[in-house]
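Below you'll find the structure, written out as structure tokens, and then a few comments.
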Amino acid sequence: MRLIVFGDVHANIAALERCYEEAMRHEPDRIIHLADLGGYAPFVNEVTEFMIEHRIEGVQGNYDFNVAHETENCGCKYDDPVQAELSHVSFEWTKAHTSSKSKKYMKELPFSIRLAAAGKRIHIFHATPVANNLYWYEERSEKFYRRMAKKADADVMIFGHTHRPFRRELDGKVFINAGSVGKPKDDNPQTGFVLIDVDNTEIKSRFIRLDYDVEKVAAAIIKAGLPPLFAEKLRSGSG
């Protein structure tokens, strides 16, 4: 089975379109998104419509849940008070500009998706198998990996939320963070996705990074009245 997974999109329609264009060249059996469809950029409804139109299935992230239920915050982690304040601006803007159709789509997304291929059990979720707002960084302890693997009950776990792609193997299990389509945080402004091939002998994965029109999205962020810092971080790939 050839599986392509799109990490956090965050209202970046230009990046999503570029990823989809490249993804189709690889003739995947399935494409799945890891949610967080809105926030930080102005194209939340365009992104949601794209998923619906192209029948891309996906899971529900913390941003989707909180926008759909119109909660007071996005359930995000903040490194400093300034970031917290700006993120709240993004969340309020997104709630106000997300259509009822988009909110309905977000609300109905499942928490996780399970697949089977070549005798391997695959579990796909936004952040962890127990919560969609818990950050699973590569440097987490082996104890944490084993605890999550037990909860996921799978051979392959695919997730996002941190916007930093990685692959790790432990105890015969494979852990893959798909990174982020629309808001990378690994100091690389390119968009990208993960391509996974599963057969009877091995599980192959490849992180594909792509150039796209970052400046177009950066300009749209500023025009929409969102904080200019979001445009700067998009240009640098620093989140």
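None of the figures in this text is laboratory data; all of them are computed from the coordinates on show. Keep in mind that what you see is a predicted model, and the values were worked out from it rather than measured. Quick reminder, even Gly has a Cβ in these numbers, built from the backbone with ideal geometry, and neighbours come from all protein chains shown.
Of the residues making up region 6-33, those that are among the acidic types (Asp, Glu) and surrounded by 24 or more Cβ atoms within 10 Å (Cβ to Cβ) number 1. Contact annotation: residue pairs with Cβ atoms under 6 Å, 6 or more positions apart or on different chains, pairing a residue in region 207-234 that is under 17 Å from Asp187 (Cα atoms) and touching a residue at least 24 places away in the same chain (Cβ under 8 Å) with a partner that is basic (Lys, Arg) and assigned to a helix (DSSP H, G or I), are Leu210/Arg18; Tyr212/Arg18; Val214/Arg235. From the residues in region 51-68 that are surrounded by fewer than 23 Cβ atoms within 10 Å (Cβ to Cβ) and more than 15 Å from the chain's Cα centre (by Cα), which one is farthest from Phe125 (Cα to Cα)? Residue satisfying both the conditions and the ranking: Glu53. Taking the criterion of being in contact (Cβ under 8 Å) with a residue 60 or more places away in the chain, part of a loop (DSSP other than H, G, I, E, B) and at negative phi, the residues of region 165-187 that qualify are Pro165, Ala178, Val181, Gly182, Lys183. Remark: pairs (first residue in region 61-72, within 18 Å of Trp136 (Cα to Cα); second residue part of a loop (DSSP other than H, G, I, E, B) and among the hydrophobic types (A, V, I, L, M, F, W, C); Cβ separation under 6 Å; 6+ apart in sequence or on different chains) = Gly61/Ala35; Tyr63/Cys74.
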